[in-house]
Amino acid sequence: VDLKLDLKKPILVNEIFDSNEDKTWYYISNIDESINIDSSSNNPNEIIIKRAHELFEKEDYATSLLFYEEYIDKNTILNNSSEFSFNEDFKFEVVEPYKLAVLKSYGKDVTLDNPIYLRIYNLRKLSKQKKKKYKKTTQEEDNAHNLKSYSPEDKIGFGKYSGEMLKSIIQKDPNYILWCIINLIHFSIYDSILLNPNFKNQSLFPAAMEYNHLKNCVIVMCSFEEETEYFERIKSFNFKAHNDEDGFDDYEQYYDFQISR
């Protein structure tokens, strides 16, 4: 399956949709279609975010970051969980393009052709295939299989801070969390947590954001594929169960019959 981010327009990594023309699955949506901003508005916040998106679209990522950061500073509150408080719209309208602007300003490859993504994705798929056949898996394959995105309240089960909540580690040793994101295949965190100011001036921040972004893409893509595979099996099972009795020629006939009932 060809999975690639189109950076000709601002994009949000927030949904998967199917193109019926080429049957290719894309993990993108356009900011223009997702954000409703009144171009004539005098609201300072809307002016700031509109300018940020315009600069992003022109590929002036470094300058767009200044506007995104100004908007984030004015519209977020760092809560006790070390995660910024905001609604889902804010996450997809601001956090996602901000994240991509950071990555692009550092020259990072945010496509799913990135070798980091492909390596972890393929390890996870290989682990699943081996487990189905009861074959022994490698440590790397197991780590990819166990990849998890941690919330602020989750406890870390490894390393020198084993048993402590993620939020407490961020406060005292943010560089350690960034190191883990880069070096431990099985570990990522919610993207929104990376807005925590404790991370911003750390030397590992750009690389960690790249790894985190791609790992979370792996999690979402694999979950989507597993869900799709599950429903395909259910469809096939139901069709086979009724095929002999009701005489359906294909699944579409069976589906139309179920809808009409």
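Kindly list the number of the only condition in (1) assigned to a helix (DSSP H, G or I); (2) touching a helix residue (DSSP H, G or I) at 6+ places or on another chain (Cβ under 8 Å); (3) open to solvent by 40 Å² or more (accessible area, probe 1.4 Å); (4) more than 30 Å from residue 55 (Cβ to Cβ) that fails for residue 141.
Residue 141 satisfies every listed condition except (3).
Of 240, 200, 215, 235, which residue is at pLDDT 90 or above and of a type in the set (Lys, Arg)?
Only one candidate qualifies: 215.
Read through the list (1) modelled with pLDDT of 95 or more; (2) open to solvent by 50 Å² or more (accessible area, probe 1.4 Å), then give the number of the only condition that residue 129 fails.
Of the numbered conditions (1) modelled with pLDDT of 95 or more; (2) open to solvent by 50 Å² or more (accessible area, probe 1.4 Å), the odd one out for residue 129 is (1).
Residue by residue through segment 176-231, note down the ones that are β-branched (Val, Ile, Thr) and closer than 21 Å to residue 158 by Cα.
Step one: of segment 176-231, the residues β-branched (Val, Ile, Thr) are 177, 181-182, 185, 189, 193, 218-220, 228.
177, 181, 182, 185, 189, 193, 219, listed by residue number.
Which of the residues belonging to segment 59-89 are at pLDDT 90 or above and part of a loop (DSSP other than H, G, I, E, B)?
Matches in segment 59-89: 60 only.
Find the residue count for segment 169-194, including only residues that are in a helix (DSSP H, G or I), touching a residue at least 60 places away in the same chain (Cβ under 8 Å) and open to solvent by 20 Å² or more (accessible area, probe 1.4 Å).
Within segment 169-194, the first condition is being in a helix (DSSP H, G or I), and the residues that meet it are 169-172, 174-183, 191-194.
Those still in the list that are touching a residue at least 60 places away in the same chain (Cβ under 8 Å) too: 170-171, 191-194.
Subsequent filtering for residues that are open to solvent by 20 Å² or more (accessible area, probe 1.4 Å) retains 171, 191.
Qualifying residue count, segment 169-194: 2.
Take residue 153 and decide whether it is acidic (Asp, Glu) and open to solvent by 20 Å² or more (accessible area, probe 1.4 Å). Break it down into steps so the answer makes sense when it comes.
Details: acidic (Asp, Glu): yes; open to solvent by 20 Å² or more (accessible area, probe 1.4 Å): yes.
When the stated conditions are applied, residue 153 passes them.
Being assigned to a helix (DSSP H, G or I) and modelled with pLDDT under 50 is the filter; apply it to segment 13-58 and report the residue that is farthest from residue 98 (Cα to Cα).
Within segment 13-58, the subset assigned to a helix (DSSP H, G or I) is 31-34, 44-57.
Subset that is modelled with pLDDT under 50: 31-34.
On the way: 31: 12, 32: 15, 33: 17, 34: 15 Å.
Ranking the candidates gives 33 first.
The values are calculated or read from the model by the stated rules, or taken from the named source; none is laboratory data. These figures come from a predicted structure and were not determined experimentally. Cβ: placed from backbone, ideal geometry, glycine included. Neighbour counts: every protein chain shown. These area figures cover heavy atoms from the full protein model, side chains too; ligands, DNA and RNA do not enter into them. Shrake-Rupley method; radii C 1.70, N 1.55, O 1.52, S 1.80 Å.
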